[in-house]
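A quick write-up on the structure given underneath.
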Amino acid sequence: DAGVIQSPRHEVTEMGQEVTLRCKPISGHDYLFWYRQTMMRGLELLIYFNNNVPIDDSGMPEDRFSAKMPNASFSTLKIQPSEPRDSAVYFCASSPWDTTDTQYFGPGTRLTVL
Amino acid sequence: AQSVTQLDSQVPVFEEAPVELRCNYSSSVSVYLFWYVQYPNQGLQLLLKYLSGSTLVKGINGFEAEFNKSQTSFHLRKPSVHISDTAEYFCAVSDKGTSGGYQKVTFGTGTKLQVIP
């Protein structure tokens, strides 16, 4: 099993640019989660999907952030326009419907906004 | 609302010595408890979890944790650590819920375990 796949692993961009982070969950998993990890705030849940439908986006910090899941094997997190305070590691995780308490994390995308 | 407190941000320990990483939680309902480990430049991996039953839970890599309801704690222990255990450890909690489906998982701020040769 390939596990959760995220791309890119590292992203450096300039303030004001659009950033798109990508995630491929584990096949057969019904839930997909996007997290942000920073030194100051720790690990924060941004949004999660169930069967490709966004269920709770209350953790999305601003309207500059958006997430989509067009099909069961792909999701994106977009930041437009990006700001230096968005610099963080962004994780995608997935879980099966019957054990949502156990999440499988991807390796993360380290985003640096200059 | 639930919360998790990991009092120690960093714990240095010599190789082959025992270690305990502390975790306290608060919740108004019954909970599930977890420990995740994050190795450098990797995502989090589940180390162990408590759902019900025996309060002593054994996980991977020789780690174990004990659920103490009266003290609202879920401390992680290992009798003898290795260099390869150097990582960041996160305690997490979720409500048991009654209707199935996803229950929000709240993560602690993490404890960095530094194993010294």
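Summary of computed values
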quantity: Listing of strands (runs of 3 or more DSSP E) fully contained in the range B:39-117 that carry 1 or more residues being within 21 Å of A:ARG41 (Cα to Cα) and at the interface with chain A (Cβ under 9 Å from one of its Cβ atoms); calculated: B:44-50, B:87-95, B:105-107
quantity: Any hit, the range A:44-64, residues being under 21 Å from B:VAL93 (Cβ atoms), acidic (Asp, Glu) and within 11 Å of chain B (Cβ to nearest Cβ); calculated: yes
quantity: Top-ranked residue in the range A:72-114 [being without any contact (Cβ under 8 Å) to a residue 40 or more places away in the chain and of a type in the set (Asp, Glu); ranked as nearest to B:LEU47 (Cα to Cα)]; calculated: A:ASP101
quantity: Tally, over the range A:31-59, of residues that are more than 15 Å from B:LYS104 (Cα to Cα) and either of a type in the set (A, V, I, L, M) or assigned to a loop (DSSP other than H, G, I, E, B) (or both); calculated: 6
quantity: In the range A:100-114, residue surrounded by the most Cβ atoms within 10 Å (Cβ to Cβ) [restricted to those that are under 16 Å from the mean Cα position of the chain (by Cα) and not in a strand (DSSP E or B)]; calculated: A:GLN103
quantity: Considering residues of the range A:25-36 that are more than 9 Å from chain B (Cβ to nearest Cβ) and not acidic (Asp, Glu) only, the residue farthest from A:SER87 (Cα to Cα); calculated: A:GLY28
quantity: Some residue of the range A:69-86 being charged (D, E, K, R), within 12 Å of chain B (Cβ to nearest Cβ) and either buried (at least 19 other Cβ atoms within 10 Å of the Cβ) or in a strand (DSSP E or B) (or both); calculated: no
quantity: Extreme residue, modelled with the lowest pLDDT, among residues of the range B:19-38 that are in a strand (DSSP E or B) and exposed (fewer than 15 other Cβ atoms within 10 Å of the Cβ); calculated: B:SER26
quantity: Cβ pairs under 6 Å, 6+ apart, first in the range B:11-35 and without any contact (Cβ under 8 Å) to a residue 12 or more places away in the chain and more than 13 Å from B:ASN68 (Cα to Cα), second aliphatic (A, V, I, L, M) and crowded, with 16+ Cβ neighbours inside 10 Å; calculated: none
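The values are calculated or read from the model by the stated rules, or taken from the named source; none is laboratory data. Worth saying up front: this structure is predicted, and the values here are computed from it rather than measured. All Cβ positions, glycine included, derive from the backbone under ideal geometry; neighbour counts span all protein chains shown.
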